[in-house]
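See below for the structure under consideration.
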Amino acid sequence: MTEAVKNDLREHSKFAEINENPAIKKRLETIVPNRFADWKTAAEADIPEGQVLLAVCYHYGTGVLKDYEESFKWIRKAAEQGNAEGQFRLAACYFNGVGIPEDNEEAVKWFRKAAEQEHAGAEATLGTCYLKGVGVPEDHAEGMKWLRKAVEQGNTGAQYNLGMCYLQGVGVLEDKEEAVKWFRKSAEQGDTDAQFGLGMLYAYGIGVDEDYEEAVKWYRKAAEQENANGQYALGLIYWHGTSVPEDKEEAVKWFHKSAEQGHADAQHELGQCYIYGSGVAEDKTEGIKWLRRATILGSEKATILLKRIEEEQAKAESAGSLFEQLSTPSSTLLK
């Protein structure tokens, strides 16, 4: 059983990605019914690979009730046994404040432990921490060192981040064409952030000739893998009919998918669609719900629209009240 569990972790190592990922939850739901019992038994037998997999189940609430603290407990056990995947995941817990208060310095400590075992994801994240000065003093040379180590292992996140470095001139000389090269390498291996980013580069002609059809292709690839930015971008493409036939209903579909993942701009657009009945049946209550969600996330556009709608509602209610008074018999009004 031990070897089988180790193979499970090797085969499904992306279960321990640093961020929530809807695609991972979908994969887990197909695998857990057949493997959860073995993972739990292995975890309780102090097998670190089983502890990592069990922690991921608790993290996503697959096979068990979601419990971040229980997830943290099991991932820490694996990390303290020297398991690189466990160390990486523990660092992610500290980095994102999941199951434990956020602590970037502690996160960097565990990213480093995993990176020193040549864990590509940890190398990539440690490099990014140095490049941005998160949990450590900013050090571009050190950041590029770790980032390139991950790139050499073919890590798609590192390839995307290297592309961002070339795009922004961080740690390297700015080179838009080189940025496109690394975005493409990552995107072709399925990295959704890179797919969305590559779509943006094509849409705005940055480092490549402007090509909306190519942009739509990459937006769609990202969107279909649950990338919220890609879904929002694809919604805008259908809304405006850019390189595709205009289709408000299709736009609303993608806005909805993105909005459900907490994308503030998508929530604003979706709210407007419901308010004005564009691409969906008019439903002001539903529209206001989405605008409020966008406002909570800091959308200024949603805040302005919501305020205007509430003012209009207040005026309508006031006018209605006045109408009722005027409709009341004069003898009553004189009392």
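Quick check on residue 131: is it of a type outside the set (Ser, Thr, Tyr) and either closer than 30 Å to residue 246 by Cβ or not in a helix (DSSP H, G or I) (or both)? No.
Taking the stated definitions as given, is residue 301 buried (at least 19 other Cβ atoms within 10 Å of the Cβ), touching a residue at least 24 places away in the same chain (Cβ under 8 Å) and part of a helix (DSSP H, G or I)? When the stated conditions are applied, residue 301 does not pass them. Listed by position, the helices (runs of 4 or more DSSP H) contained in the stretch 161-278 that have at least 2 residues being aliphatic (A, V, I, L, M) and more than 30 Å from residue 309 (Cβ to Cβ) are 176-188, 192-204, 212-224.
Please pick out the residue among 99, 154 that is touching a residue at least 24 places away in the same chain (Cβ under 8 Å), in a loop (DSSP other than H, G, I, E, B) and closer than 24 Å to residue 222 by Cα.
Values: 99 fails: closer than 24 Å to residue 222 by Cα.
Exactly one residue qualifies, and that residue is 154.
Of the residues making up the stretch 238-267, those that are of a type outside the set (A, V, I, L, M, F, W, C), over 14 Å from residue 228 (Cα atoms) and modelled with pLDDT of 95 or more are 238, 240, 241, 245, 246, 247, 248, 249, 250.
Table: residues versus (1) in contact with a strand residue (DSSP E or B) (Cβ under 8 Å, 6 or more places away or on another chain); (2) surrounded by fewer than 22 Cβ atoms within 10 Å (Cβ to Cβ); (3) assigned by TED's automatic domain parsing to the domain that holds residue 44.
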position	(1), (2), (3)
61	no, yes, yes
69	no, yes, yes
82	no, yes, yes
87	no, no, yes
118	no, yes, no
139	no, yes, no
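Does residue 29 meet the test of being assigned by TED's automatic domain parsing to the domain that holds residue 96, more than 23 Å from residue 96 (Cα to Cα), among the acidic types (Asp, Glu) and under 21 Å from the mean Cα position of the chain (by Cα)? Yes, satisfied. Restricting 232, 202 to those that are among the aromatic types (Phe, Trp, Tyr) and without any contact (Cβ under 8 Å) to a residue 24 or more places away in the chain reduces the list to 202. Cβ-Cβ distance below 6 Å, separation of 6 or more or different chains: which pairs start in the stretch 159-181 with a residue that is of a type in the set (D, E, K, R) and end on one that is crowded, with 16+ Cβ neighbours inside 10 Å and part of a helix (DSSP H, G or I)? Sorted first by the residue in the stretch 159-181, then by its partner, the pairs are 175/166; 178/166.
The values are calculated or read from the model by the stated rules, or taken from the named source; none is laboratory data. Note that this is a predicted model, so its numbers are computed, not measured. For neighbour counting, all protein chains shown are included, and Cβ atoms are generated from backbone atoms with ideal geometry for every residue, glycine included.
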